[in-house]
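Visitor: Pasting a structure here, questions to come.
Quick note: the coordinates plus some simple rules give every number you see, no bench work behind them. What you see is a predicted model; the values in this text were computed from it and never measured. FYI the Cβ positions are ideal-geometry reconstructions off the backbone, even for glycines, and counts take in every protein chain you see.
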Amino acid sequence: PQTEDYYGNVNTIGPRGVYDEAKRFQESITMAYHTFHGVETRIVRIFNTYGPRMRLNDGRVIPAFIGQALRGEDLTIFGDGMQTRSFCYVDDQVEGIFRLLNCDYVYPVNIGNPDEITIKDFAEEIIKLTGTDQKVTYHPLPVNDPLQRQPDITLAKKLLGWEPKVGRAEGMKITYDYFRSLSQEELQKEEHKDFSGFIH
Ligand code: UDP
């Protein structure tokens, strides 16, 4: 579990380098504006977030798996699927950010859901949720793909009296219902968008 005092471990020249360093720079420049110019600032550390209206083809695991299930395709697991993620439902995320905005703490605060799951188990959950009998296929792990992601939210609990309320089963059902409610035309349109260049 990652606490706010973790300084990070980033390959500056890897394919994710620009993304990772950009986030770090945002924190640096935000703190500089605060200390030098006295600007009122907050720093939120967001972990994996999901919910309705995600883009079907943005490459992230939740729309990828749901899209595959809806199209009757096998689910693509990258690596051995033992890497973990912790998914926070968007309403919880927004509430946490809003509470942080309304307090006066200027240092980084983790806002995320600590309920951690391996990608392999998550694929099984999606197959159950969608009631399909999709198989899973294994593909190479992207370079510098983090093996574990779990926020420690002790600080947010203490500071903001906040913790996530929507469990994965409930949040994923709402998210799946959203994707299922899209018309064939919309699904088709989404499929033709190409976000594969994005590393979010
Ligand atoms: N992933 C996967 N299959 C996919 C898309 C993603 O196994 O079709 C994996 C990916 O390698 C990563 C995890 O799922 O280990 C979460 O990926 P995502 O891109 O959603 O978020 P991030 O890597 O930024 O945490």
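Visitor: Working only with C-alpha atoms, what are the Rg and Dmax values of the chain, expressed in angstrom?
Guide: 18.0, 57
Visitor: For the residues V109, V61, what sequence is obtained by ranking on other C-beta atoms within 10 Å, fewest first?
Guide: Working: V109 23, V61 19.
If I rank by nearby Cβ atoms, fewest first, I get V61, V109.
Visitor: Further, regarding this structure: May I have the count of lysine pairs in region 1-160 with C-alpha atoms under 25 Å apart, counting pairs 8 or more residues apart or located on different chains? Let's see the in-between values first.
Guide: On the way: K23/K157; K23/K158; K120/K128; K120/K135.
Value for region 1-160: 4.
Visitor: Additional query: Arrange the following residues from fewest to most other Cβ atoms within 10 Å of their Cβ: C103, C88. Could the numbers behind the result be given before it?
Guide: Values: C103 12, C88 26.
Lowest to highest Cβ neighbour count: C103, C88.
Visitor: While we're looking at this one, here's another question. As I understand it, the dipole of region 20-130 uses +1 on the Cβ of Lys and Arg and -1 on the Cβ of Asp and Glu, about the Cα centre. Which of V39, C103, F65 lies farthest toward its positive end?
Guide: Checking the options against the dipole of region 20-130, the answer is V39.
Visitor: What is the sum of charges around Q134, taking Lys and Arg as +1, Asp and Glu as -1, for the other residues whose C-beta is under 11 Å from the C-beta of Q134?
Guide: On the way: positive: R71, K128, K135; negative: E73, D74, E124, D133.
Within the 11 Å Cβ shell, the charges total -1.
Visitor: Sticking with this one: Using R₀ = 45 Å, calculate the FRET efficiency as 1/(1 + (r/R₀)^6) where r is the Cβ-Cβ separation of T154 and S183; round to 0.05. Each step should come with its number before you reach the end.
Guide: Working: r = 44 Å, r/R0 = 0.98.
Efficiency for this residue pair is about 0.55.
Visitor: Taking 4 °C and 1.567 mPa s as the conditions, I'd like the Stokes-Einstein D for region 88-156 in µm²/s, using the Kirkwood hydrodynamic radius from alpha carbon pairs. Each step should come with its number before you reach the end.
Guide: Details: Rh = 15.0 Å.
This corresponds to a translational diffusion coefficient of 86 µm²/s.
Visitor: Given a Förster distance of 35 angstrom, what is the FRET efficiency for K128 paired with A32, based on the Cβ-Cβ distance and rounded to 0.05? Don't skip to the answer; put the middle values down first.
Guide: Numbers: r = 48 Å, r/R0 = 1.36.
For K128 and A32, the calculated efficiency is 0.15.
Visitor: May I ask you to work out the translational diffusion coefficient for region 30-101 at 25 °C, viscosity 0.890 mPa s, via Stokes-Einstein with Rh from the Kirkwood sum over Cα pairs, reported in whole µm²/s? Could the numbers behind the result be given before it?
Guide: On the way: Rh = 15.1 Å.
So the translational diffusion coefficient is about 162 µm²/s.
Visitor: Next up: Need the list of aspartates and glutamates near K173 for cross-linking: C-alpha distance under 16 angstrom, and skip anything on the same chain fewer than eight residues off.
Guide: D91, D92, E124, E125
Visitor: Can I ask one more? When N is the residue count of region 1-69, what does its C-alpha Rg come to as a fraction of 2.2 N^0.38 Å?
Guide: Values: Rg = 16.1 Å, N = 69, 2.2 N^0.38 = 11.0 Å.
That works out to 1.46 for region 1-69.
Visitor: Per-residue ellipticity at 222 nm for the chain, helices alone: DSSP H runs ≥ 4 residues times -39500 (n - 2.57), over residue total, nearest 500 deg cm²/dmol? List each step's numbers first, then the result.
Guide: Values: 7 runs with 86 residues, N = 200.
Calculated at 222 nm, the ellipticity per residue is -13500 deg cm²/dmol.
Visitor: May I pose another question? Please work out the FRET efficiency for the pair A169 and T3, using the Cβ-Cβ distance as r and a Förster radius of 22 Å; give the result to the nearest 0.05. Provide the component values of the computation, followed by the final result.
Guide: On the way: r = 27 Å, r/R0 = 1.24.
Step by step, r from the Cβ atoms, then E = 0.20.
Visitor: How much length is gained if the chain between Y138 and V44 is pulled fully straight, taking 0.36 nm per residue apart and subtracting their Cα-Cα distance, in nm to one decimal? Before the final figure, lay out each step's value.
Guide: Numbers: separation 94, 0.36 × 94 = 33.84 nm, distance 3.37 nm.
Separation in residues times 0.36 nm, less the Cα-Cα distance, equals 30.5 nm.
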